[in-house]
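First comes the structure, then the notes that go with it.
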């Protein structure tokens, strides 16, 4: 909620594979629910989640992190994908 409070850029652990592990986990839960309930209509949920998160959460966070960590964050972005 407040990326400007970030003190350091973490690039190890799960962050070696995805820049947004919490959002990815939530997406996987939504997809699992869709599969469990066997409804194609429920795929609207995961798609809407990704579109919303990319626009209103991830993009603003990345903007702040780029300002805070500059070239280090740009290198990290080029090495690690946003979702998977």
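Please treat every number below as a calculation from the coordinates, not as lab data. In this text, all values refer to a predicted model and were calculated from it rather than measured experimentally. Using ideal geometry, Cβ is built from the backbone for each residue, glycine included, and neighbour counts are taken over all protein chains shown.
Looking at the stretch 7-32, which of its residues are assigned to a helix (DSSP H, G or I) and free of Cβ contacts under 8 Å to residues at least 24 places away in the same chain? Show your work before the answer.
First pass over the stretch 7-32, keeping only residues assigned to a helix (DSSP H, G or I): 13-16, 21-32.
Residues satisfying the conditions are 13, 14, 21, 22, 25, 26, 28, 29, 30, 31, 32.
Among 64, 75, 35, which is the only one that is within 17 Å of residue 1 (Cα to Cα) and either more than 15 Å from the chain's Cα centre (by Cα) or in contact (Cβ under 8 Å) with a residue 60 or more places away in the chain (or both)?
Working: 75 fails: within 17 Å of residue 1 (Cα to Cα); 35 fails: within 17 Å of residue 1 (Cα to Cα).
Selected residue: 64, the only one of 64, 75, 35 that is within 17 Å of residue 1 (Cα to Cα) and either more than 15 Å from the chain's Cα centre (by Cα) or in contact (Cβ under 8 Å) with a residue 60 or more places away in the chain (or both).
From 52, 15, grab the single residue that is exposed (fewer than 14 other Cβ atoms within 10 Å of the Cβ) and under 17 Å from the mean Cα position of the chain (by Cα).
On the way: 15 fails: exposed (fewer than 14 other Cβ atoms within 10 Å of the Cβ).
Answer to the check: 52.
Looking at residue 4 and the list (1) surrounded by 14 or more Cβ atoms within 10 Å (Cβ to Cβ); (2) in contact with a helix residue (DSSP H, G or I) (Cβ under 6 Å, 6 or more places away or on another chain); (3) in a helix (DSSP H, G or I), which single condition is not satisfied?
(1)
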